[in-house]
Protein chains: 2
Amino acid sequence: MDGRLRDDEVLVGGDARQRYYDSRGYGRPLDGNEVALSRVEAAHLMLRGDLDSIDGKGFREFLRDSTGDGFAARFLVYADLRERGFYLSPDRSGWVYDPLPGSDLVVYPRGSGPWDDEVQYRLRVVSERETIPAAHLGDVALAVVDEESEITYFETDRLDVRGTTNHDVPSDITGSLVADRVLLWDAPDELHRRSFYGQPIGGREPTGALQLSLVEAAHLVADEKLAVEGGYEEIVARGREVEGERFDRRLAVYRALRERNVVPKTGFKFGADFRTYADVESVENLGHSEFLVRVLRDDHEFVPRDLALDVRLAHGVRKRMVFALVDDTKRTTTFLSVTRLTP
Amino acid sequence: MDGRLRDDEVLVGGDARQRYYDSRGYGRPLDGNEVALSRVEAAHLMLRGDLDSIDGKGFREFLRDSTGDGFAARFLVYADLRERGFYLSPDRSGWVYDPLPGSDLVVYPRGSGPWDDEVQYRLRVVSERETIPAAHLGDVALAVVDEESEITYFETDRLDVRGTTNHDVPSDITGSLVADRVLLWDAPDELHRRSFYGQPIGGREPTGALQLSLVEAAHLVADEKLAVEGGYEEIVARGREVEGERFDRRLAVYRALRERNVVPKTGFKFGADFRTYADVESVENLGHSEFLVRVLRDDHEFVPRDLALDVRLAHGVRKRMVFALVDDTKRTTTFLSVTRLTP
């Protein structure tokens with residue numbers, strides 16, 4: 001069988017409809033028995049020896065001439081998922097009813113195909129060298145093709161973060177700003193023990209004093225629970241001094257998490273901004289922290305390798321990687337979770 | 001007992017020598033029974049109630065006035081290591097014979113002290129908000145104090161990377177540059193199987209073809225094993241097109257590793273540039289890869305949080321984190337290993 005390239009499709013006649021579409025889910029049926037294949041589908045049929053040529057070109061020649069626009073990456077992902085037993089289609093009108101912008105392929109559940117209504121994933125395919133705007137994630141899964149053509153899959157979701165840590169905090173606390181932390185010399189016991197603010201000073205030689213990070217202190221001052229000389233402005237000024245504008249963004253996320261009754265603590269040991277605890281009864285019975293949170297601007301462009309690093313680390317410590325995306329003008333935060341996907 | 005601050009030292013008389021230095025390794029002995037304490041040592045003695053005041057100031061007041069120059073971080077690390085059973089001194093002349101630039105504290109082996117000759121670590125103390133020039137690492141361990149005053153320790157070492165993978169590679173191979181990889185349609189079997197170059201195309205439907213990443217191809221062309229139309233220049237130009245100047249640096253490291261008989265393969269799944277195999281007999285009997293390599297300029301300044309991320313991930317997958325530091329002018333590479341340290 002020989003196909004002919006017309007625009008971006010490969011048309012095949014003969015018994016193509018039965019042979020390619022009906023029995024194996026390739027292409028979209030046209031009138032009669034003709035089928036239109038995407039270039040990726042056509043290349044895959046050639047790889048398997050089920051299509052001889054396109055305008056007389058064999059597989060190698062066709063591949064060589066199909067550079068640009070991410071063809072190679074899409075082809076590799078298509079072939080990989082076919083091998084894993086999935087049928088899939090290009091996410092384009094003609095193939096699917098409701099193409100999703102930013103998605104390249106529609107993957108059907110195993111055992112289903114383009115004739116069925118179910119969709120397992122909408123998949124965006126990128127090379128490890130492209131960046132991915134955060135705004136494009138949340139509705140699609142991601143397939144990243146690395147320089148050796150290995151493929152890594154990620155699931156992405158918008159997340160409604162909620163917890164239950166909502167203990168009363170006394171409102172007559174005072175502290176003093178010392179370098180880049182706030183010291184409370186006589187902190188009420190429950191501030192740390194129940195609400196998990198701060199860190200006791202002195203280790204095995206307890207002093208009764210508590211140190212707060214700047215975001216913790218700024219949050220408590222903003223909520224009128226804590227008084228510090230110079231007030232909120234002074235703490236934020238100190239924060240900007242040591243961290244730049246990142247401080248404002250981290251504070252916005254800290255406050256967004258506390259408002260959702262989730263406790264953020266430093267994620268430094270995991271290379272993240274925060275680790276979070278949704279349900280703190282008391283620090284003596286602290287559970288496992290659930291999320292690792294990285295704070296980013298909402299117009300952030302992910303570098304796939306950095307994404308792979310974060311998600312792999314979170315997975316390794318049995319936590320979920322969550323990106324807190326901050327709108328710098330409105331100071332609103334949305335949460336994007338990215339996890340490993342093994343199709 | 002009361003001390004008096006003179007320049008950067010706290011002088012204490014009375015029985016200070018016996019009380020602080022001889023029995024517990026604080027300070028440096030002066031004439032008679034007087035001892036000079038660093039501010040950090042003096043603060044620690046006050047925290048423990050073993051020194052009452054300095055120029056009449058108590059612990060809280062002294063701490064409040066000792067901001068700047070990283071005092072808080074050094075104090076926290078000093079106190080932490082004391083609690084873990086170590087004696088330590090400031091890495092300054094008067095306290096030690098050969099102070100190491102860039103090191104803040106000398107830590108003695110457990111059971112030893114400043115009277116002995118042994119040193120366990122030279123320790124550089126930084127806050128998580130400071131950056132650390134790569135050039136300052138290799139001789140010192142690192143203590144990073146995060147925003148909640150938790151401390152993370154790292155060991156750093158200059159590394160002589162060496163492997164034994166040195167199989168002969170045929171020298172009459174030809175390939176073609178397709179987008180951002182090089183395809184070899186009739187690759188000699190041992191190129192992949194023994195020397196672990198490239199990746200076979202076609203998965204479960206083997207095509208006999210091999211794809212090389214651009215760094216693999218550029219290396220083989222430079223070594224006159226592989227011929228590609230346009231030659232070395234064309235591959236490097238393509239690499240710069242898709243990766244910018246990072247490509248040259250990654251290629252320099254790739255070649256440095258191969259010259260040392262170590263096989264670099266992509267580290268993408270671990271968020272690194274390369275993972276490496278020192279001793280490849282054949283791909284069928286491939287061992288565990290030993291290092292994760294991140295490629296950096298040799299004037300790189302580490303952000304402690306990024307360092308924590310890399311080292312934690314490598315530890316979690318039982319590999320060693322290695323930074324390949326490239327001198328962009330001379331194209332030479334040195335290797336810096338950073339690992340977790342639990343004192």
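The values are calculated or read from the model by the stated rules, or taken from the named source; none is laboratory data. Not measured: the values here are computed from a predicted model. Every residue, glycine as well, gets a Cβ built from its backbone with ideal geometry; the counts of neighbours run over all protein chains shown.
Miscellaneous remarks
- Qualifying residue in the stretch B:142-151 (condition: touching a helix residue (DSSP H, G or I) at 6+ places or on another chain (Cβ under 9 Å), on the phi > 0 side of the Ramachandran plot and polar (S, T, N, Q)): yes
- In the set A:Phe62, A:Phe86, only one residue is under 19 Å from A:Val107 (Cβ atoms), surrounded by fewer than 24 Cβ atoms within 10 Å (Cβ to Cβ) and within 14 Å of chain B (Cβ to nearest Cβ); that residue is A:Phe86.
- Scanning the stretch A:159-182 for residues being at the interface with chain B (Cβ under 10 Å from one of its Cβ atoms), out of contact with any helix residue (DSSP H, G or I) (no Cβ under 6 Å at 6 or more places or on another chain) and under 28 Å from A:Val322 (Cα atoms) gives a total of 1.
- Qualifying residue in the stretch A:183-197 (condition: within 13 Å of chain B (Cβ to nearest Cβ), in contact with a Lys or Arg (Cβ under 9 Å, 6 or more places away or on another chain) and in a strand (DSSP E or B)): yes
- Scope the stretch B:325-337; condition at pLDDT 95 or above and either among the polar types (S, T, N, Q) or not in a strand (DSSP E or B) (or both); matching residues: B:Thr333, B:Thr334, B:Ser337
- Selection status of B:Ser103, in contact with a Lys or Arg (Cβ under 7 Å, 6 or more places away or on another chain), over 22 Å from B:Ala222 (Cβ atoms) and among the small types (Gly, Ala, Ser): yes
- Residue that is farthest from the chain's Cα centre (by Cα), among those in the stretch A:147-162 that are more than 22 Å from A:Gly68 (Cβ to Cβ) and not in a loop (DSSP other than H, G, I, E, B): A:Thr152
- Candidates B:Ser93, B:Ser89 - the one that is in contact (Cβ under 8 Å) with a residue 12 or more places away in the chain and polar (S, T, N, Q): B:Ser89
- Qualifying residue in the stretch A:162-171 (condition: among the charged types (D, E, K, R) and either surrounded by 17 or more Cβ atoms within 10 Å (Cβ to Cβ) or touching a strand residue (DSSP E or B) at 6+ places or on another chain (Cβ under 9 Å) (or both)): no
- Filter result (hydrophobic (A, V, I, L, M, F, W, C), under 19 Å from B:Glu9 (Cβ atoms) and assigned to a loop (DSSP other than H, G, I, E, B)) within the stretch B:89-110: B:Trp95
- Some residue of the stretch B:243-253 being small (Gly, Ala, Ser), closer than 30 Å to A:Gly316 by Cα and under 28 Å from the mean Cα position of the chain (by Cα): no
- Given (1) touching a Leu at 6+ places or on another chain (Cβ under 8 Å); (2) modelled with pLDDT of 95 or more; (3) among the polar types (S, T, N, Q), index of the condition B:Gln120 fails: (1)
- Filter result for the condition that a residue is in contact (Cβ under 8 Å) with a residue 40 or more places away in the chain, touching a helix residue (DSSP H, G or I) at 6+ places or on another chain (Cβ under 8 Å) and on the phi < 0 side of the Ramachandran plot, over B:Arg240, B:Arg193: B:Arg193
- From the list A:Phe62, A:Phe86, A:Phe75, the one residue that fits, being outside any loop (DSSP other than H, G, I, E, B) and either more than 30 Å from B:Arg238 (Cβ to Cβ) or within 33 Å of the chain's Cα centre (by Cα) (or both), is A:Phe75.
- Test set (1) crowded, with 21+ Cβ neighbours inside 10 Å; (2) in contact with a Ser or Thr (Cβ under 9 Å, 6 or more places away or on another chain); (3) over 30 Å from B:Gly175 (Cβ atoms) - A:Asp139 fails condition number: (1)
- Residues satisfying the stated conditions in the stretch B:324-342, i.e. more than 14 Å from chain A (Cβ to nearest Cβ) and touching a strand residue (DSSP E or B) at 6+ places or on another chain (Cβ under 8 Å): B:Ala324, B:Leu325, B:Val326, B:Asp327, B:Asp328, B:Thr332, B:Thr333, B:Thr334, B:Phe335, B:Leu336, B:Ser337, B:Thr339
- Residue satisfying condition, being touching a strand residue (DSSP E or B) at 6+ places or on another chain (Cβ under 9 Å), among the β-branched types (Val, Ile, Thr) and either away from every other protein chain (no Cβ under 14 Å) or not in a strand (DSSP E or B) (or both), within set B:Val119, B:Val126, B:Val144: B:Val119
- Residue match in the stretch A:189-205 (condition: buried (at least 23 other Cβ atoms within 10 Å of the Cβ) and of a type in the set (A, V, I, L, M)): no
- Residue match in the stretch A:58-72 (condition: more than 26 Å from A:Gly102 (Cβ to Cβ) and either outside the structural domain of A:Leu105 (by TED's automatic domain parsing) or in contact with a Gly (Cβ under 8 Å, 6 or more places away or on another chain) (or both)): no
- Subset tally (residues that are assigned to a strand (DSSP E or B), under 35 Å from the mean Cα position of the chain (by Cα) and not hydroxyl-bearing (Ser, Thr, Tyr)) for the stretch A:1-55: 5
- Among the residues listed as B:Gly208, B:Gly203, the single one being under 38 Å from the mean Cα position of the chain (by Cα), on the phi > 0 side of the Ramachandran plot and either within 11 Å of chain A (Cβ to nearest Cβ) or at pLDDT below 90 (or both): B:Gly203
- Residue check for B:Tyr108: under 17 Å from the mean Cα position of the chain (by Cα) and not aliphatic (A, V, I, L, M): no
- Count - residues of the stretch A:325-343 that are in contact with a Phe, Trp or Tyr (Cβ under 9 Å, 6 or more places away or on another chain), aliphatic (A, V, I, L, M) and either loosely packed, with under 14 Cβ neighbours inside 10 Å or within 16 Å of A:Leu257 (Cα to Cα) (or both): 2
- Residues of the stretch A:249-271 that turn out to be in contact (Cβ under 8 Å) with a residue 60 or more places away in the chain and either within 14 Å of chain B (Cβ to nearest Cβ) or under 16 Å from A:Tyr232 (Cα atoms) (or both), as a count: 5
- Residue check, B:Asp52 more than 23 Å from B:Val119 (Cβ to Cβ) and of a type in the set (D, E, K, R): yes
- Members of the stretch B:2-27 that are among the small types (Gly, Ala, Ser), out of contact with any Asp or Glu (no Cβ under 8 Å at 6 or more places or on another chain) and either at positive phi or touching a residue at least 60 places away in the same chain (Cβ under 8 Å) (or both): B:Gly14, B:Gly25
- The number of residues in the stretch B:211-228 being within 11 Å of another protein chain (Cβ to nearest Cβ) and either more than 23 Å from A:Glu61 (Cα to Cα) or at pLDDT 95 or above (or both) comes to 6.
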